[in-house]
1. Among VAL105, VAL28, which comes first, second and so on when ranked by fewest other beta-carbon atoms within 10 Å?
2. Can you run phi through the Karplus equation (6.51, -1.76, 1.60; θ = phi - 60°) for the stretch 49-64 and list ³J(HN,Hα) in whole Hz, with x for Gly and Pro?
3. Any chance you could list the semi-axes, whole Å, largest first, of the equivalent ellipsoid that the Cα gyration tensor gives for the stretch 50-152, using √(5λ)?
4. What's the exposure ranking of HIS56, HIS42, going from fewest to most Cβ atoms within 10 Å?
5. Taking H as built 1.01 Å from N, whose amide H comes closer than 5 Å to the amide H of LEU75, not counting residues under 5 places away?
Amino acid sequence: MQPPAGVTDPVLDNNRSQELLTGVTLPVKLNITKTVITPGPHAVGDMVRYRLDVNHPGLFPLNPVWVTDQLPALLGAPVLGTPTVGRATYIADEKRISWIIGNLVPGVTQSLEYEAPLLDTGLVTNTAIVFMPGSGVRPATADTATASIRGD
């Protein structure tokens, strides 16, 4: 490194710094799939069974990881199965399933199954979202999954 033109440097031995390498970690994408397990056709009053599968391809565990599944008006209150990890609850006044996975180990798929009654005819589309809550920098990006059925 040289001083600017016209400026003299009285100590030339201190013009080098040690090499410094800084790693940059790109966010990992969380993955979620939503599957309708109950084969159609679906009639009013039928219980429709869904499965949510969540994983991530990263190198390190992610914590906390949450899933929300907003149920549409055409589905009734669900009966939740036991998730493979974490805790799932149904918030009735919001018609929303909240699954707190907690620690999500890379390369391992975690699942939750539930069933809900079909209340009326028409197209039933609902979407689940996997994310890391909070503000600030997150080491993972959210993902969504949608499943649709037609109630006859």
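Here, each number is a calculation from the coordinates, and none is a lab measurement. Predicted model only: the values in this text are computed from it and were never measured. So basically every Cβ, Gly included, is an ideal-geometry build from the backbone, and we count neighbours across all protein chains shown.
1. Fewest-to-most Cβ neighbours within 10 Å comes out as VAL105, VAL28.
2. 9, 10, 10, 9, 10, 10, 7, 8, x, x, 9, 10, x, 10, 7, x
3. Details: eigenvalues 140, 33, 32 Å².
Output for the stretch 50-152: semi-axes of 26, 13, 13 Å.
4. Numbers: HIS56 25, HIS42 18.
Ranking HIS56, HIS42 by Cβ neighbours within 10 Å, fewest first, gives HIS42, HIS56.
5. LEU119
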